[in-house]
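First up is the structure itself, then whatever we jot down about it.
The values are calculated or read from the model by the stated rules, or taken from the named source; none is laboratory data. Just so it is clear, the structure is predicted and the values come from calculations on it, not from any experiment. Glycine also receives a Cβ, built like all others from the backbone with ideal geometry; neighbour counts cover every protein chain displayed.
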Amino acid sequence: MIIAIDIGGTKISAALIDNNKIIQSRKTDSIIHQDLNNLANYVVHLCQDWIEKAHLVAVACTGQVGKNHVHFLSAKQTLPLQQQLNTGFGLPVVILNDAAAAAWAEYCLGPKRQDNSLVYITVSTGIGGGIIQNGQLVTATDGFCAHLGHMSVTCHAAPTIQCHCGRINCVEAISSGTSIARQASQILKTEVSCKTVFEQYLAHPEIDTLLEQCTDAFVDLIANIKALTGTTVIVLGGSVGAAIPFKERVIAKIAKLPSIYQVELVSPMTGEHADLIGATIYAQTINGFRNATQ
Ligand SMILES: [Zn+2]
């Protein structure tokens, strides 16, 4: 069996998986922003009773997941997480970025794509991504790869918006749930959540304008991805990606792009456990490859 773990900024999910089916699962609050140095111990403790049944640990993790280290972008801290988990579990550990894991799940379990390519974008508190080209998940040694939220786009909402990565006008700084809520709060002069924005935008023309600007910026990202990868389909996940006032505007604006930039935008097939299942399928491939070449 495989222990699968999804380490996010607010929640950590874990599951015991047999034959790509979840046997048991559990969820707890994340400690990334409170006690990051204790993360590995915390995760091992969460899965303690599964260890003797498992032969492999598959991890989907937020942040820049490199070959040897994970850099947590928002916490600005780096951990040798694979080595720490390997020691803690006493099992082989494969880690990949959480959006990359979801992309891999969509690619492996969704409809067969003729060109063996797919791009997955999740828009929720942040914006993440995963790219599959010619049947391969695109990765980089330092893990800074397919972080689609940190591509710079045209911003009509303000002359410049500073991103936490250090760059100006990253799409995450303009169109993520956190950024939409922050900009709407400034306009309305009261603290509002992104959910409230989607519920009340019809009553506030200036918030409707903000949504237009944020979706313009997001469709700029879509056009850039099409030019970069040539993908014909983009899977749009995440709570903001699923919100009708966001998604319908994006689909309408893609249809107005020059034809070479147009892509089919589809909803995810794999549901709430996409990260866990994607990491599990990927870890078996990678671990099998390692074993075969040892
Ligand atoms: Zn950025």
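Is it the case that segment 161-172 has a residue that's in a helix (DSSP H, G or I), in contact with a helix residue (DSSP H, G or I) (Cβ under 8 Å, 6 or more places away or on another chain) and more than 10 Å from the ligand (Cβ to nearest atom)?
no
Which one of the conditions (1) within 22 Å of residue 9 (Cα to Cα); (2) in contact (Cβ under 8 Å) with a residue 12 or more places away in the chain; (3) assigned to a loop (DSSP other than H, G, I, E, B) does residue 178 fail to meet, given that it meets all the rest?
Of everything listed in (1) within 22 Å of residue 9 (Cα to Cα); (2) in contact (Cβ under 8 Å) with a residue 12 or more places away in the chain; (3) assigned to a loop (DSSP other than H, G, I, E, B), residue 178 misses just condition (3).
Could you check, for segment 161-168, whether at least one of its residues is within 19 Å of residue 64 (Cα to Cα) and in contact (Cβ under 8 Å) with a residue 24 or more places away in the chain?
Yes, the conditions are met somewhere in segment 161-168.
Looking only at segment 22-57, which residues are in a loop (DSSP other than H, G, I, E, B) and at pLDDT 95 or above?
47, 54, 55
Of the residues 252, 227, 223, only one is modelled with pLDDT of 95 or more and in contact with a helix residue (DSSP H, G or I) (Cβ under 6 Å, 6 or more places away or on another chain); which?
223
Could you go through segment 71-79 and let me know if any residue there is buried (at least 24 other Cβ atoms within 10 Å of the Cβ), outside any helix (DSSP H, G or I) and of a type in the set (Phe, Trp, Tyr).
The answer is no; no qualifying residue exists.
Tell me which residues, restricted to segment 131-155, are over 22 Å from residue 62 (Cβ atoms), within 16 Å of the ligand (Cβ to nearest atom) and part of a strand (DSSP E or B).
none
If you scan segment 87-126, which residues turn out to be among the polar types (S, T, N, Q) and either loosely packed, with under 15 Cβ neighbours inside 10 Å or within 20 Å of residue 281 (Cβ to Cβ) (or both)?
87, 97, 114, 116, 117, 122 - these are the residues of segment 87-126 that are among the polar types (S, T, N, Q) and either loosely packed, with under 15 Cβ neighbours inside 10 Å or within 20 Å of residue 281 (Cβ to Cβ) (or both).
Could you grab the pairs with beta carbons closer than 7 Å, sequence gap of 6+ or different chains, first residue in segment 81-94 and in the same structural domain as residue 71 (by TED's automatic domain parsing), second one assigned to a strand (DSSP E or B) and hydroxyl-bearing (Ser, Thr, Tyr)?
Within 7 Å, no pair qualifies.
Would you mind telling me which numbered condition in (1) surrounded by 13 or more Cβ atoms within 10 Å (Cβ to Cβ); (2) more than 23 Å from residue 222 (Cβ to Cβ) residue 203 fails?
Evaluating residue 203 over (1) surrounded by 13 or more Cβ atoms within 10 Å (Cβ to Cβ); (2) more than 23 Å from residue 222 (Cβ to Cβ) leaves (1) as the failure.
Could you list, in sequence order, the residues of segment 173-200 that are within 16 Å of the ligand (Cβ to nearest atom) and surrounded by fewer than 17 Cβ atoms within 10 Å (Cβ to Cβ)?
Listed by number, the list holds a single entry, 182.
Check whether at least one residue in segment 269-283 is crowded, with 16+ Cβ neighbours inside 10 Å, in a loop (DSSP other than H, G, I, E, B) and either of a type in the set (D, E, K, R) or touching a strand residue (DSSP E or B) at 6+ places or on another chain (Cβ under 6 Å) (or both), and report yes or no.
No.
Is it the case that some residue within segment 104-125 is in contact (Cβ under 8 Å) with a residue 24 or more places away in the chain and within 12 Å of the ligand (Cβ to nearest atom)?
Taking every residue of segment 104-125 in turn, none turns out to be in contact (Cβ under 8 Å) with a residue 24 or more places away in the chain and within 12 Å of the ligand (Cβ to nearest atom).
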